[in-house]
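Enquirer: Below you'll find the structure I mean.
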Amino acid sequence: MTIDPRLSADARTLPLPENGLFLTDVWDGLGATPKTLSAKYFYDAAGSALFEKITVLPEYYPTRTELRILDERGPEIAAHLPEGAALVEFGSGSTVKLRRLLRHLPGLSAYVPVDVSAEFLHEQAEVLKGDFPDLPIEPVAADFTRPFALPSSLSGRPLAGFFPGSTIGNFEPAEAARLLDGFGRILGEGATLIVGVDLVKDRDVLEAAYDDAARVTAAFNLNLLHRINRELAGDIDLDSFMHRAVFNEAESRIEMHLVSRVAQTVHVAGRAFAFTQGESIHTENSCKYTIASFRALAARAGWSALDAWTDSEGLFSVHALRRMG
């Protein structure tokens, strides 16, 4: 691979990561003011496994609430997908939510899971093939935030998208609109998109969901630093950082941070980054919407609202959208 000219002479003797974009993003993020890291890098194999543990925590309501909506309103949701459609799941992760939807989609012609974590993606695809042997499954290892090609075998089939888990909330509204527009460009005019969207609610409920008593979310957040050490020749002391989650009411979002406990300097692939005591790395946002505010966002991105479903407590929502011409 090409050596990045910003590397010091000493750093050029270090093994460089296969994913040069990861290194560039980390350097840019840690060199910014304030410091940031992209949430998409949470999901290596360890991070994906930790997130699956988060989804069953008592404080973490989104997963169980979304599953209940898929169970109870599944036939209504499935009615918006055309017969013989191929379903593309963006950021597929585990297949728990997909399975709840599949039971209502006997006419599905193919399933295309898309995920940046190739190892976890293929593991999950193999398990799903064993349980649904008649369903063609074509995994695509790709970063769903960037353009990618669908398998050529889908040509001519009606397409639908599935984006559960309130992952849309990890993107600032302008970024979320660009992402939804990108999905529309991949799926094409007339496509259906099913999206899970977390709703605005009490601060205490929100903050507990992202800072659980068992500290699993803290481990998930800190794993990002462990990944930097492992893949990018970092020397970060994980014990010198702590997890923090707060609700930013003005921006209607939960923010996750990694806060430096001490003044320190860390190195990533030979480049130094100084921290003051209490300085943080902003690692994730989880934006919260109302039904109306999400529909307005989707409309700006070229999608019309078909329907929306919520639980009885109004904690979470699932939306069906149609790609406009």
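The values are calculated or read from the model by the stated rules, or taken from the named source; none is laboratory data. Predicted model only: the values in this text are computed from it and were never measured. With ideal geometry, Cβ positions are generated from the backbone for all residues, glycine too; neighbour counts draw on all protein chains shown. Accessible surface is based on the protein model in full, side chains and every heavy atom, while ligands, DNA and RNA are left aside. Shrake-Rupley method; radii C 1.70, N 1.55, O 1.52, S 1.80 Å.
Enquirer: What list of ³J(HN,Hα) values in whole Hz, one per residue of segment 157-165 in order, does the Karplus curve 6.51 cos²θ - 1.76 cosθ + 1.60 (θ = phi - 60°) give from phi, with Gly and Pro shown as x?
Expert: Calculated HN-Hα couplings, in order: 8, x, 10, 9, x, 9, 9, x, x Hz.
Enquirer: Moving on. Return P(r) of segment 43-150 (all Cα-Cα pairs; 10 Å bins starting at 0; whole %; ordered from short to long distances).
Expert: 14, 42, 38, 6
Enquirer: Quick one: dipole size for segment 208-325, taken about the Cα centre, charges +1 on Lys/Arg Cβ and -1 on Asp/Glu Cβ, in debye to the nearest 20.
Expert: On the way: 12 positive and 14 negative charges, 99 e Å.
Its charge dipole is roughly 480 debye.
Enquirer: Starting from a Cα-only point model with no solvent, please compute log10 I(q)/I(0) by Debye for segment 107-245 at q = 0.19, 0.20 1/Å.
Expert: The Debye formula, applied to the Cα set alone, gives -1.27, -1.30.
Enquirer: Could you derive backbone 3J(HN,Hα) for segment 287-292 from the dihedral phi with the Karplus parameters 6.51, -1.76 and 1.60 (θ = phi - 60°), listing whole Hz in sequence and x where the residue is Gly or Pro?
Expert: 6, 10, 10, 9, 4, 5
Enquirer: Could I ask something else about it? Which value, in debye to the nearest 20, gives the size of the charge dipole of segment 114-257 about its Cα centre, when Lys and Arg are +1 and Asp and Glu are -1 at the Cβ? Write down the numbers at each step before the final one.
Expert: On the way: 12 positive and 25 negative charges, 77 e Å.
Magnitude of the dipole: close to 380 debye.
Enquirer: What distance in nm lies between label points placed 7 Å from Cα along the C-beta direction at residue 259 and residue 178?
Expert: Taking the simple label geometry, residue 259 and residue 178 are separated by 3.0 nm.
Enquirer: Please enumerate, by chain and number, the aspartates and glutamates with C-alpha under 12 Å from the C-alpha of residue 53, excluding those fewer than 8 residues away in the same chain.
Expert: List returned: 212.
Enquirer: I'd like the accessible area for residue 72, computed on protein heavy atoms only with a 1.4 Å probe and all protein chains in place. Round to 10 Å², please.
Expert: Here the residue's solvent-accessible area equals roughly 130 Å².
Enquirer: Each residue of segment 149-154 in order: what ³J(HN,Hα) in whole Hz does its phi give by Karplus 6.51 cos²θ - 1.76 cosθ + 1.60, θ = phi - 60°, with x for Gly and Pro?
Expert: 9, 7, x, 5, 5, 7
Enquirer: What does the helix-only formula give at 222 nm for the chain: each DSSP H stretch with n ≥ 4 adding -39500 (n - 2.57), the total divided by the residues, and the result rounded to the nearest 500 deg cm²/dmol?
Expert: -10500 deg cm²/dmol
Enquirer: Here's a follow-up. In terms of modelled amide H atoms, which long-range or inter-chain residues lie less than 5 Å from the amide H of residue 275?
Expert: Under 5 Å from the amide H of residue 275 lie the amide H atoms of 264, 265, 266, each far enough along the sequence or on another chain.
Enquirer: Let me ask you something else. Given labels modelled 7 Å from the Cα in the Cβ direction, how far is it in nm from residue 299 to residue 204?
Expert: Label-label distance for residue 299 and residue 204, simple model: 3.6 nm.
Enquirer: In addition: Along its principal axes, what span do the Cα atoms of segment 238-311 show, with the longest given first and each in whole Å?
Expert: On the principal axes, segment 238-311 reaches 51, 26, 21 Å in Cα extent.
Enquirer: Give me the one-decimal Kirkwood hydrodynamic radius in Å for the chain, with the sum taken over alpha-carbon pairs.
Expert: With all distinct Cα pairs of the chain included, I get 20.7 Å.
Enquirer: What is the magnitude of the charge dipole of the chain about its Cα centre, with +1 placed on the Cβ of each Lys and Arg, -1 on the Cβ of each Asp and Glu, and no other charges, expressed in debye to the nearest 20? Mind showing how you got there, number by number?
Expert: Numbers: 31 positive and 44 negative charges, 107 e Å.
That gives the chain a dipole magnitude of about 520 debye.
Enquirer: Take the Cα coordinates of segment 113-156, assign each an equal point scatterer, and use the Debye formula without solvent to give log10 I(q)/I(0) at q = 0.22, 0.27 Å⁻¹.
Expert: Each listed q corresponds, in turn, to -0.79, -1.00.
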